[in-house]
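Each reported figure results from applying straightforward, stated rules to the coordinates on display, with no laboratory input. These figures come from a predicted structure and were not determined experimentally. Ideal geometry is used to build each Cβ from the backbone, glycine not excepted, and the neighbour counts take in all protein chains shown.
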């Protein structure tokens, strides 16, 4: 299966989540890309949409390699086995963590404006991204919503690494993933169009709900 784009992936995911239609669930997208997918799910299921701003923490020697992630609300997830294998300490990551905290807060302010966050305590939360590769950002999002009292946590993604999804299954109540390639290379390979989502697109989505 290949998806036309993130919106198409969201529409297909929504069909697997119809049992949550018109329920007390809240859809939380992970900006930027996950918001496009989340929007289609929220619209189809007639559910409220909000966001969980998460930033990956890259290794100092390889910023693209996520050794952890953090949310704008302050939750930090660190992949300690990976850090140990790379010889990294928390102190060595401190400058990167500080920069990503600032960027997460900037994005939150830009995307949300003065709109207050939805109350997630005692709610069913559907966390949505456009795919899961290292899993770091989703781990941070899961921990964050649990800390804020979510009653039930569902992860919904179009595509994901089998290895990471098997780890996530043990952390949440339900995982919905449409494609789990046996040879996972990159999320983008499952999409015909995977153009970068802009801040303006995320802001437009938030304002439309």
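Suppose the chain between residue 22 and residue 91 were pulled fully straight at 0.36 nm per residue; how much longer would it get relative to their current alpha carbon spacing?
20.2 nm
So what is the relative contact order of region 70-209, in percent, for Cα pairs below 8 Å that sit 6 or more residues apart?
23 percent
Using helices alone, I'd like the mean residue ellipticity at 222 nm for the chain: each DSSP H run of four-plus residues gives -39500 (n - 2.57), total over residue count, nearest 500.
Computed mean residue ellipticity for the chain: -12500 deg cm²/dmol.
Of 194, 3, how do they rank once you tally other Cβ atoms within 10 Å and put the fewest first?
Ordered by Cβ neighbours within 10 Å, fewest first: 194, 3.
Between 139, 111, 20, which gets the highest mean-square fluctuation from a Gaussian network model of the chain, Cα cutoff 10 Å?
In this elastic network of the chain, the residue with the biggest mean-square fluctuation among 139, 111, 20 is 20.
Return the single residue from 104, 94, 141 with maximal mean-square fluctuation; model: Gaussian network over the chain, springs between Cα atoms under 10 Å.
Among 104, 94, 141, the largest mean-square fluctuation in the Gaussian network model of the chain belongs to 94.
Kindly express, to the nearest 10 degrees and within the range 0 to 90, the angle between helix 33-45's C-alpha long axis and the longest C-alpha principal axis of the chain.
30 degrees
Using a Gaussian network model on the chain with a 10 Å cutoff between Cα atoms, which of 185, 41, 126 fluctuates the most?
185
How long is the gain from residue 82 to residue 189 if the chain were fully straight, where each residue apart is worth 0.36 nm and the alpha carbon distance is subtracted?
Full extension from residue 82 to residue 189 adds 36.0 nm.
What is the helix-to-structure angle for 136-147, meaning the angle in degrees between its Cα long axis and the longest Cα principal axis of the chain, kept from 0 to 90 and rounded to the nearest 10?
On a 0 to 90 degree scale, this one is about 70.
Starting from the Cα-Cα distance between residue 173 and residue 115, subtract it from 0.36 nm times their residue separation and give me the gain in nm to one decimal.
Length gained, residue 173 through residue 115: 18.0 nm.
Using only Cα atoms, figure out Rg for the chain and give it as a multiple of 2.2 N^0.38 Å.
With N residues counted in the chain, Rg over 2.2 N^0.38 Å equals 0.96.
Taking other Cβ within 10 Å of each residue's Cβ, how do 98, 103 sort, fewest first?
98, 103
Give me the percent relative contact order of region 55-111, please, defined on Cα pairs under 8 angstrom at least 6 residues apart.
Over region 55-111, the number comes to 35 percent.
Ranking 182, 161, 61, 23 by Cβ neighbours within 10 Å, fewest first, what do you get?
The order, fewest Cβ neighbours first, is 182, 61, 23, 161.
Against the longest alpha carbon principal axis of the chain, how many degrees, from 0 to 90 and to the nearest 10, is the axis of helix 90-112 turned?
30 degrees
Taking the Cα-to-Cβ direction at residue 208 and at residue 61 and moving 7 Å from each Cα, how far apart do the two end points lie in nm?
4.4 nm
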